[in-house]
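Take a look at the structure set out below.
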Amino acid sequence: MAEVSLETAAYAKIILHAAKYPHCAVNGVLLADATKIRDGAKNQDLDIVDTIPLFHHSHYVSPMAEIALTQIETVAQTENRIIAGYYAACENFKDNTVEKCPGQKIAEKIVEHFPSAVFVVVDNRRMMQQLDSAAIKLHKYSEGKWKAKDANKVMFQSPYVLETVSHLLEQGVQKDLVDFDNYLDDLSQDWTNLGIEKLIASINASNTIDDSKDEDDEEEDDDEEKPFR
């Protein structure tokens, strides 16, 4: 199987969605960078740049799903993105399998249009831990069903993804996340969650600055150790 990488915002929104509704099953779609997609190619590498939270109680209402997917696809196209997968978290703590996940038909519809699509299942057990490892399981559609793949095939674009997500959870950012159920209840809410993306971008920028300072400090220490000639 090809490799799948996730941007910080993409992974964060999955975890925040599951954390906001720990008593519910949740689901959403994955968006990939369309400029890196090769038409007709199978088992492509995917750069998942964003996720869109869908539902926490309307999983089986087809009209709602149609409305959501249509709006998402329209916005995605304007940003050179493509719906390239599906994610879900089960309601029950021990149910961490595709078969127990909600919205199977949505996932199947996505793979019909994009054969390289992936299915991400939130690992409820790891969600209860310190999130020092990825709390997701990756699946690929093969021979008529979703099959689990090697966890090593999941990569993060930033080394600070897990640290950033833990920080967001500690700050209670999950309460600000908007899914399509929230949007349909109040059309003024932003289902793209641009505010959370901006927050994550600022955290990433801060981490980059800290790294740069650390490197400069190391260089200064090296200079001090060199004898003067």
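Brief remarks on what is shown
- Unmet criterion (only one of (1) over 16 Å from the mean Cα position of the chain (by Cα); (2) buried (at least 17 other Cβ atoms within 10 Å of the Cβ); (3) farther than 18 Å from Val29 by Cα) for Tyr141: (3)
- Filtered residues of the stretch 24-58 (kept if closer than 21 Å to Asp186 by Cβ and not β-branched (Val, Ile, Thr)): Cys24, Asn27, Gly28, Pro53, Leu54, Phe55, His56, His57, Ser58
- The stretch 119-157, subset closer than 16 Å to Thr51 by Cβ and of a type in the set (Phe, Trp, Tyr), residue modelled with the highest pLDDT: Phe119
- Per-region count, the stretch 14-44, residues over 27 Å from Glu143 (Cα atoms) and in contact with a helix residue (DSSP H, G or I) (Cβ under 7 Å, 6 or more places away or on another chain): 5
- Flag if Leu131 is open to solvent by less than 90 Å² (accessible area, probe 1.4 Å) and farther than 28 Å from Gln71 by Cβ: yes
- Of the residues contained in the stretch 45-62, one or more are found to be in contact (Cβ under 8 Å) with a residue 60 or more places away in the chain, farther than 27 Å from Glu143 by Cβ, touching a His at 6+ places or on another chain (Cβ under 7 Å) and not in a helix (DSSP H, G or I).
- Selection within the stretch 48-94: residues that are crowded, with 23+ Cβ neighbours inside 10 Å, out of contact with any Pro (no Cβ under 7 Å at 6 or more places or on another chain) and small (Gly, Ala, Ser). The member of this set that is nearest to His17 (Cα to Cα) is Ala89.
- Among the residues making up the stretch 113-128, those that are open to solvent by 100 Å² or more (accessible area, probe 1.4 Å) and outside any loop (DSSP other than H, G, I, E, B) are His113, Arg125.
- Positions within the stretch 148-182 being in a helix (DSSP H, G or I) and either within 14 Å of the chain's Cα centre (by Cα) or buried (at least 19 other Cβ atoms within 10 Å of the Cβ) (or both), in sequence order: Val161, Leu162, Thr164, Val165, Leu168, Val173, Gln174, Phe180, Asp181
The values are calculated or read from the model by the stated rules, or taken from the named source; none is laboratory data. All figures in this text were calculated on a predicted structure; none of them were measured in a lab. Cβ sites come from the backbone with ideal geometry, for glycine too, and all protein chains shown count toward neighbours. Protein only, heavy atoms only, side chains kept; ligands, DNA and RNA dropped before computing areas. Shrake-Rupley method; radii C 1.70, N 1.55, O 1.52, S 1.80 Å.
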